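Scroll down for the structure; my scribbles are underneath it.
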Amino acid sequence: MDGSTTSNGGGGWMRPMDEEQLRECGHRMVDFIADYYKSIETYPVLSQVQPGYLKELLPDSAPNQPDTLDALFDDIREKIVPGVTHWQSPNYFAYYPSNSSTAGFLGEMLSAAFNIVGFSWITSPAATELEVIVLDWVAKMLKLPSEFLSAALGGGVIQGTASEAILVVLLSARDRTLRKHGKKSLEKIVVYASDQTHSALKKACQIAGIFPENIRIVKADCSMNYAVTPGAVSEAISIDLSAGLIPFFICATVGTTSSSAVDPLHELGQIAQAHDMWFHIDAAYAGSACICPEYRKYLNGVEEADSFNMNAHKWFLTNFDCSLLWVKDRNYLIQALSTNPEFLKNKASQENSVIDFKDWQIPLGRRFRSLKLWMVLRLYGVENLQSYIRKHIQLAQHFEQLVISDPRFEVVTPRNFSLVCFCLVPPTCEVDNGHKLNYDLMDSANSSGKIFISHTVLSGKFVLRFVVGAPLTEEQHVDAAWKLLQDEATKLLGNVVQ
Ligand SMILES: *Cc1c(COP(=O)(O)O)cnc(C)c1O
């Protein structure tokens, strides 16, 4: 940092947290960030750098003497920003969104300011208690059954990501099952999910010691928009039962990653209950939409679930990371994850009068993440959040109409939320089912720097994914993206012999 203001010259005593210096530098940083957002559309959405670009630009060891903030800003502009993919750009339509907002940003700032490590209630009572309160708030917005609220046996907790949420519930379910059947049955316990389930489940199984041969990936039904059919899951369970295995976990998805399919929650929940299995619902992206009464139907059947997860950091204006997990019975989490070393003992914990969230998660330390969620809820309010979701879904509908109106393209799956799965129809002479044509379309659009879209493969077909969900996206951006895709399509189709 600037030698004149940040340290007392050469070998003097540094003051790493000086309030006046923070004020000055902090204001400059906020200005820098506001300017970044103001000019965000001037950058290529997808970073266009080559692998290893930064090594060429930065020295190979840390500076011995402090640098100035001005020099740092120069490097950020010239060396870092070109290597950033601009997730907050209004022309970002890839994967699923990751929202920032002024409220979320302010919450992150305040959380950085307190910089607590809130593993137990005593380490900052406000952090634990605010988390309990805001998770109850969101549970009510989603109309989750009352068992998921903190007043009952359940409750909510903020995890870093949906992957961590799946892992902690899988561990809870595993231990519950092993307590019942004996720890030697680890090799017999079986997990069920569709082939559209996020890869986070597979990773969780790898970590939890589930035998790889005991992961049943049931093929989703393409005629049901890639939802899994209950019959297929039942059948797999029956086969396993007759082989002496122990079915113990079903993961359903509301809004799959490839095509935002919604699994039949009610039926899957009934199957889970009939076999004393844990039923988890992953609604990482689409859960946010269910705060609108007209989309709440997608959660019908959540009554049957043992756990439910939604990422507030995707489509809920809460800066990354903030993944909301609710469980019906918190004791399973605590039984699987608690430890009680002497150095953490304290009166409140001993008396069992408080929640210690360290026992609901993998790490010990945890950030004050409820602040940003609370600020989002307070500063925007439920009605604004609902209109925010509706606006994106309307823009996605608009894009879907544009695709339908051009006979060269087709919509591949029905749209549920703000994701449109579409492709350019290949001329009949193409042998690869349009794979190369659509890959080239995506590649040329993304390397133009003007938009960023991503892809998936459904039933062997290369499919383009267009998701509306960045906070700054307006109709004009969707229209311009469509125009670009049409123009690129014209160029590509001109190159193939019709
Ligand atoms: C995004 C997503 C995930 C993974 O989210 P992380 O929070 O990055 O772990 C899992 N499942 C679904 C359905 C998702 O959309």
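Modelled spin-label separation between Ala274 and Met14, with each label point placed 7 Å from Cα along the Cα-to-Cβ direction: 6.4 nm.
Taking square-rooted eigenvalues a ≥ b ≥ c of the alpha carbon gyration tensor, is region 3-86 rounded, prolate or oblate, where a/c under 1.5 means rounded and, failing that, a/b exceeding b/c means prolate? It is oblate, given that a/c is not under 1.5 and a/b is not larger than b/c. For region 115-267, the alpha-carbon coordinates run over 50, 40, 28 Å along the three principal axes, in decreasing order. Whole-Hz Karplus values for region 105-119 come out as 5, 5, x, 4, 4, 5, 4, 5, 5, 5, 6, 7, 10, x, 6 Hz, taken residue by residue from phi with 6.51 cos²θ - 1.76 cosθ + 1.60 and θ = phi - 60°; glycine and proline positions read x. Couplings for region 378-389, taken from phi via the Karplus curve 6.51 cos²θ - 1.76 cosθ + 1.60 with θ = phi - 60°, read 5, 7, 10, x, 4, 4, 5, 5, 5, 5, 4, 4 Hz in order; Gly and Pro are left as x.
Partners of Lys38 within straight-line reach, counting lysines whose Cα lies under 18 Å from its Cα and excluding those fewer than 8 residues away in the same chain: Lys450.
Packing, as the average of other Cβ atoms within 10 Å across residues, places the peptides 284-294, 431-441 in the order 284-294, 431-441, highest first. Shape class for region 188-339: oblate, because the ratio a/c of the largest to smallest gyration tensor axis (alpha-carbon atoms, square roots of eigenvalues) is 1.5 or more and b/c is at least a/b. For region 176-209 versus region 322-345, the spacing of their alpha-carbon centroids is 19 Å. Legend: distances between Cα atoms for Lys219/Lys436; Lys55/Lys79; Lys345/Lys372; Lys143/Lys328; Lys140/Lys391; Lys202/Lys328; pairs beyond 19 Å are Lys219/Lys436; Lys345/Lys372; Lys140/Lys391; Lys202/Lys328.
Normalised by the number of residues in the chain, the average gap of Cα pairs under 8 Å and 6 or more apart makes the relative contact order 21 percent. Charging the Cβ of each Asp and Glu at -1 and of each Lys and Arg at +1, and nothing else, the dipole of the chain about its Cα centre rounds to 1040 debye. Assuming a ≥ b ≥ c are the square roots of the Cα gyration tensor eigenvalues, decide whether the chain counts as rounded (a/c under 1.5), prolate (otherwise, with a/b larger than b/c) or oblate. Note, shape of the chain comes out oblate. Using modelled amide H (1.01 Å from N, peptide plane; none on Pro or chain starts), what sits under 5 Å from the amide H of Asp221, excluding residues fewer than 5 places away? Amide H neighbours of Asp221: Tyr226, Ala227, Val228, Thr229.
Shown here is the pair-distance distribution of region 105-377: with all Cα-Cα distances grouped in 10 Å bins from zero up to the longest one, the shares run 7, 31, 35, 20, 6, 0 percent.
About its Cα centre, the dipole of region 19-117 is roughly 360 debye, where the only charges are +1 on Lys and Arg Cβ and -1 on Asp and Glu Cβ.
No lab work stands behind these numbers, since they all come straight from the coordinates. Source: prediction; values computed, not measured. Note that we place each Cβ from the backbone using ideal geometry, even for glycine, and neighbour counts take in every protein chain shown.
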